[in-house]
1. Name the residue that is surrounded by the most Cβ atoms within 10 Å (Cβ to Cβ), counting only residues in segment B:41-60 that are within 14 Å of chain A (Cβ to nearest Cβ) and hydrophobic (A, V, I, L, M, F, W, C).
2. State whether one or more residues within segment B:256-271 are within 15 Å of the chain's Cα centre (by Cα), part of a helix (DSSP H, G or I), surrounded by 18 or more Cβ atoms within 10 Å (Cβ to Cβ) and not aromatic (Phe, Trp, Tyr).
3. Only one of (1) surrounded by fewer than 18 Cβ atoms within 10 Å (Cβ to Cβ); (2) under 30 Å from B:ALA302 (Cβ atoms) is not met by B:GLY205, so which one is it?
4. Scan segment B:3-26 residue by residue and report those that are surrounded by 13 or more Cβ atoms within 10 Å (Cβ to Cβ), away from chain A (no Cβ under 12 Å) and either more than 19 Å from B:ASN159 (Cβ to Cβ) or among the aromatic types (Phe, Trp, Tyr) (or both).
5. Looking at (1) in contact (Cβ under 8 Å) with a residue 40 or more places away in the chain; (2) farther than 20 Å from A:ARG158 by Cα, which is the only condition A:GLY118 fails?
6. Of these, A:ALA21, A:ALA68, A:ALA103, which one is surrounded by fewer than 24 Cβ atoms within 10 Å (Cβ to Cβ) and within 14 Å of chain B (Cβ to nearest Cβ)?
7. Out of A:ALA221, A:ALA196, which single residue is more than 14 Å from chain B (Cβ to nearest Cβ) and of a type outside the set (S, T, N, Q)?
8. Mind listing just one residue for me: the one in segment B:333-351 that is buried (at least 16 other Cβ atoms within 10 Å of the Cβ) and either in contact (Cβ under 8 Å) with a residue 60 or more places away in the chain or basic (Lys, Arg) (or both) and, of those, nearest to B:GLY205 (Cα to Cα)?
Amino acid sequence: MNIVVCVKYVPDAQAERTFNASDNTTDRENVDGLLSELDEYAVEAALKLVEAGEGEVTVVTVGPDQAADAIKKALQMGADKGVHVKDDAIHGSDAIATSLVLAEAIKKIGSPDLVVTGMASTDGTMGVVPTMLAERLGLPAVTYASELTVDGAKATIRRDGDVSTQTIEATLPALISVTDQINEPRYPSFKGIMAAKKKPVEEWSLADLGVEAGQVGLDAAWTKVEAFAARPPRSQGEIVTDEGDGGKKLAEFLASRKFI
Amino acid sequence: MDLSLTDEQRAFQAVAREFLDREVVPHRTEWDRRESVDTAIVPELGKLGFFGLTFPEEYGGLGGDYVTYCLAMEELGRADSSIRGIVSVSAGLFGKSVLAAGTEEQKQAWLPRICSGEALGCFGLTEPDTGSDAGNLTTRARRDGSDYLISGQKIFITNGTWADVCIVFARTGGPGPKGVSAFLVPTDSPGFERREIKGKLGLRGQATAELFLTDVRVPESARLGAEGEGFRIAMQTLDKGRVSVAAGCTGIVQGCLEEVVRYTTERRQFGRPIASFQLVQEIIAQISVDADAARLLTWRAADLVDRGESFGTAASKAKYYASEAAVRAANSGLQAFGGYGYIDEYPMQKYLRDARVMTLYEGTSQVQKLLIGRAETGINAFT
């Protein structure tokens, strides 16, 4: 079974994340970045399926030079090869354009049996690219999988909702997005780190994919950030002193915030 | 001269730190209090490659270099020296002795399991009456047909009660270092008893044991190296072990530095962070210089190992300096924490307690100074 996993290089949530002042896009170059943690679950899910049978895992990313680190991490975890789509014209692309570039890249990679993605990125957190991508590829999409098994040409997915759990079957090829409940992503081992050095990574431009520069980037985006401001520092909490009526005061506080 | 690390070394360092920060650091206080780490961590360390890092691939190892091993040891020392000790004794002392002196059969029998973390080894050299004077050990191995019967007592043996196998150094010949031989003894052999030593000042999470051997029978094929080579095997392995201890100590200094910087920039007294007081900055500057000096001495020794050059004196210098620096850094760092440094809600007192043994084991600071002095003067001041 051949699997393509879409991964994203995102600014490290531990770092000082910010926007570019010039065009209000996410600053991806001056902030330390990493493979989106939510995508680690997708990589792990794909590796588990391939390890249980045969085939290979290809990771694909769309992003600037530094995004190669996201591919490298996935290769260190055990993926077989990588595809890095980079082109200055992609800067500022919205989800629609991103799904277009990913779709064309996946078509060029071949016809995978399965496309696996994380449930959302940890920077944009929209969670819409998986279904857009499935639409463009003409694949059935099952999102938010917290369990995934494949038997022959049939994938079975458990989807945990707030009020019910659904079990869904999909015929391969299909696109599946996975949650952070699906597995425990492995740490790359020293062996994996050494092996990743020798794994192939292809770099493709928009021209390689037959995508026009005007179809992507900030100018083509349906949504734009108009303005941004740093979040104000958290205000001081309220200290309740217990003078025999501490419980009552706490209850009043919670009620005033509509918690009870 | 290029002191930069390769991409792979930096990647492994980052993975090691991430793994240890998530899987070890949150538990170290509890493990320290209950005097035992969770041994389920051992195979996990094996999966990442901590045990097999520098062993050849044909024995289940990863063929990594010694500098990378030192990076791993530094990260382990920063996280929890008890965990570092488990790895460095099983892989560095037990495994490396087998690799250096073992027969093909012995290597195949033990190294793959040591490299995966499936089995643990220990190193039975120290005895109640012979510590630095290991050449005069009294455990005896006497011939019985084609077998040996080993009797004697060992003490302060790291991994002792957890290990599957022990290198037992025992006397097969006359007095002195030349009468010592080494044996690979499974710890479930009849006559092999173990008792855990409780109440240690530091390294409380790792099992340190007394071993009692009463006519433990081993075949001749269990002997590591020729008769009389045991002491040489022990000393060669300990030379490398010293580089590994030095790397672990560098990790303690680095850990102290990070903790002290974090605490002193957050803690406010007299209306400002205590890091803004000159006497506190002096503490930080000293720890910072010690971290660099310890690391550079360690890397120099590791680089000599990797290039196949003589590294014994460099290892002694690194081990001596880094272990003393670890005690200094933890002690002065604790001072910067004030009363909070004295309780185990913060890691400073554990760093100090763990650091204290570093100037004692695998050759005391005094022994290292004698080795360095002998190398400088050509005069042996041991006896």
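1. The residue in question is B:PHE51.
2. Looking through segment B:256-271, none of the residues is within 15 Å of the chain's Cα centre (by Cα), part of a helix (DSSP H, G or I), surrounded by 18 or more Cβ atoms within 10 Å (Cβ to Cβ) and not aromatic (Phe, Trp, Tyr).
3. Evaluating B:GLY205 over (1) surrounded by fewer than 18 Cβ atoms within 10 Å (Cβ to Cβ); (2) under 30 Å from B:ALA302 (Cβ atoms) leaves (1) as the failure.
4. Answer for segment B:3-26, where residues must be surrounded by 13 or more Cβ atoms within 10 Å (Cβ to Cβ), away from chain A (no Cβ under 12 Å) and either more than 19 Å from B:ASN159 (Cβ to Cβ) or among the aromatic types (Phe, Trp, Tyr) (or both): B:LEU5, B:VAL25.
5. For A:GLY118, the failing item is (2).
6. A:ALA68
7. Of the residues listed, the single one that is more than 14 Å from chain B (Cβ to nearest Cβ) and of a type outside the set (S, T, N, Q) is A:ALA221.
8. Out of the qualifying residues, it is B:LYS350.
The values are calculated or read from the model by the stated rules, or taken from the named source; none is laboratory data. Only a predicted model underlies this, so the values are computations on that prediction, with no experimental measurement involved. Glycine gets a Cβ as well: all are built from the backbone with ideal geometry, and neighbour counts include every protein chain shown.
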